[in-house]
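Notes follow once the structure below has been shown.
The values are calculated or read from the model by the stated rules, or taken from the named source; none is laboratory data. Remember, it's a predicted structure, so these values are computed and weren't measured experimentally. Every residue, glycine among them, receives a Cβ derived from its backbone with ideal geometry; neighbour counts consider all protein chains shown. Remember, those area values only see protein heavy atoms, side chains included, never the ligands or the DNA or RNA. Shrake-Rupley method; radii C 1.70, N 1.55, O 1.52, S 1.80 Å.
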Amino acid sequence: MHKGQLSKVREILLEMKDNGVSPNRNTYNILVHGYCKLRWLKEAAEVVELIKANDMVPDIWTYTTIMRGLCEEGKVKEAISLRDDMESLRVMPDEVTYNTLIDGCFQWRGSVEAFKLVEKMKGKRVKPNAVTHNIMVKWYCKEGKMDEAGYVVAKMVESGFLPDCFTYNTMINGYCKAGNLGEAFMMKDEMGRKGIKMDTFTVNTIVHKLCVEKLLKEAYELTVKAAKRGYILDEVTYGTLIMGYFKNDQTNKALKLWDEMKEKGIIPSVVTYNTIIGGLLHFLKTDQAVDKLNELLDKGLAPDEATCNIIIHGFCWEGAVENSFLFYNRMVENSFKSDVITCNILLRGLCKHGMFEKAFNLFNTWIIKCKPVDAVTYNTLISVLCKEGKLDEAFDLIIEMEKKKLERDRYTYTAIVGALTHAGRTEEANKFMSKLLESCPNMISEDTSQMLGSGDMDYSEQISNFCTQGKYKEAMKLFQESEQKGVSLNISAYFMLMDVLLKRRKSISKESLSD
DNA sequence: CCTCAAGTAG
């Protein structure tokens, strides 16, 4: 619902009142939903009061909707306390209510608290359902704990729930992010065998992975093929490709796709606007970026935290660090909730322009305010300390990082290795180098395809051949064999396999005709 | 009319 439409709804409600028609609870619930989507929580709460004032009791939908609204804003505590409110009104929380709270808990309070809620749910004799499991799978995937995610799926089956489209898409995405393409394709294959149709989510996930791997041609061709086979390309598909082309320095292609998307009548969301604004700012096309920002506002869309972060980043990128802080402060006044990404962007901006002291002050402020920091934050500071030759301080930060259970990655190691080498401490540099190699084997090279290219050529070639011949079964058999042997294939072999898995989808128009 | 899956930012 857009802002404009919501005021329409308001008018209609008033009209109803004037005509002596009193809105029922459903009418109010829809309004609550609309306000929550706009993140106008105060207004949403007012509607709840209105319900009560009209001698009605908010129902489970009213509560769940408003809880979700609260959770999305990070107000988990308030959301949870609403559960007591509803219980006192004898509106009993159901699995949907709990799922909403559990998801919010995972996001803002971490998995330990979330699992406590799952136990609480069970204690209240509300049984976890498929969605509960999917939520747990999602958060394990987000943490990169793919084994744990797999256990949840197994447990889900044990509990009598079959993995669904959500489960598979989540797992596929998780494996793609973890760099385990083999497992990702196994999941895709399993999905097909279990009779679950791939959908636009699945396609978009793969397109994203290909874009990240800088395989833009493959990504683009996949979307063309998918469209031909009846898949619907949506705003996310376009947004993903646009991001990919920008990252690949193909600005014109990105802009062309934006136009193509618009011509097709596909309406971009804030996220896609953010992508194009960020891309344009990155290539210093500030005027065009501003145009897009205005367009976003004209369409009645609300800029979000990412929009702000992207603009702050844009200022830093063009060297206007002061402006970035001016903008940041103004946005904070306007209820912008800065996050760890904001912090990292500002730190990087400061460091890049030599303002190290300010950077460390900002970092300390962040820590004092108990705002979360992450490995990127530390890497930013460690890198700058290493460049400055302040190795001792860099190592202090590494210890601090360890204390906070933040894992070192290739950024951490490359900074340290570089500094040690530069200081002539070759032996230590080698030691860290080997740590880099063992702890992040899939992060060594910028180009994963190169790494995958070192895989077994026989398997890769044969699988590719089978794929071109349409011998899907043979290809899969070889693929499984290679998996068992722990042999990795080159990226084109994975691509071929994936292509075969993208089976023809019934044309959507036919499907809707038969309805 | 309520819950879960994709894309933004180092």
(1) farther than 25 Å from A:GLN250 by Cα; (2) outside any loop (DSSP other than H, G, I, E, B); (3) among the hydrophobic types (A, V, I, L, M, F, W, C): which one isn't true of A:VAL203, the others all being true?
(1)
Report, by residue number, each residue of region A:334-351 that is more than 9 Å from DNA strand B (Cβ to nearest atom) and not in a helix (DSSP H, G or I).
A:ASN334, A:SER335, A:PHE336, A:LYS337, A:SER338
Among what's in region A:44-72 and is surrounded by fewer than 17 Cβ atoms within 10 Å (Cβ to Cβ), among the acidic types (Asp, Glu) and part of a helix (DSSP H, G or I), pick the residue that is nearest to the chain's Cα centre (by Cα).
A:GLU46
Tell me, yes or no, whether region A:307-322 has at least one residue that is within 23 Å of the chain's Cα centre (by Cα) and among the hydroxyl-bearing types (Ser, Thr, Tyr).
yes
So which residues in region A:383-392 are part of a helix (DSSP H, G or I) and open to solvent by 60 Å² or more (accessible area, probe 1.4 Å), if there are any at all?
A:LYS387, A:ASP392
Could you go through region A:281-304 and let me know if any residue there is more than 30 Å from A:MET355 (Cβ to Cβ), out of contact with any Ser or Thr (no Cβ under 7 Å at 6 or more places or on another chain) and among the small types (Gly, Ala, Ser).
yes
Can you tell me how many residues within region A:257-276 are within 24 Å of A:LYS217 (Cα to Cα) and within 9 Å of DNA strand B (Cβ to nearest atom)?
6
Filtering region A:352-382 down to residues that are free of Cβ contacts under 8 Å to residues at least 24 places away in the same chain, open to solvent by 40 Å² or more (accessible area, probe 1.4 Å) and closer than 17 Å to A:SER338 by Cα yields A:ASN361, A:ASN364, A:THR365, A:ILE367, A:ILE368, A:LYS369, A:CYS370
Considering only residues of region A:303-344 that are open to solvent by 50 Å² or more (accessible area, probe 1.4 Å) and of a type in the set (A, V, I, L, M), which is farthest from A:TRP40 (Cα to Cα)?
A:LEU326
Please go through region A:175-198 and give me each residue that is in contact with a helix residue (DSSP H, G or I) (Cβ under 8 Å, 6 or more places away or on another chain) and in a loop (DSSP other than H, G, I, E, B), ordered by number.
A:ALA178, A:GLY179, A:ASN180, A:ILE196, A:LYS197, A:MET198
Residue check for A:GLU481: under 24 Å from A:VAL207 (Cα atoms), in a helix (DSSP H, G or I) and modelled with pLDDT of 80 or more
no
Say whether the condition of being closer than 22 Å to A:ASN173 by Cα, open to solvent by 90 Å² or more (accessible area, probe 1.4 Å) and within 15 Å of DNA strand B (Cβ to nearest atom) is met by at least one residue in region A:131-143.
yes
List the pairs whose first member sits in region A:225-245 and is in a helix (DSSP H, G or I), whose second member is within 7 Å of DNA strand B (Cβ to nearest atom) and small (Gly, Ala, Ser), and whose Cβ atoms are under 7 Å apart, counting only residues at least 6 apart or on separate chains?
A:GLU235/A:SER269; A:ILE242/A:GLY279
Test A:GLU407 against the stated conditions and say whether it is more than 10 Å from DNA strand B (Cβ to nearest atom) and outside any loop (DSSP other than H, G, I, E, B).
no
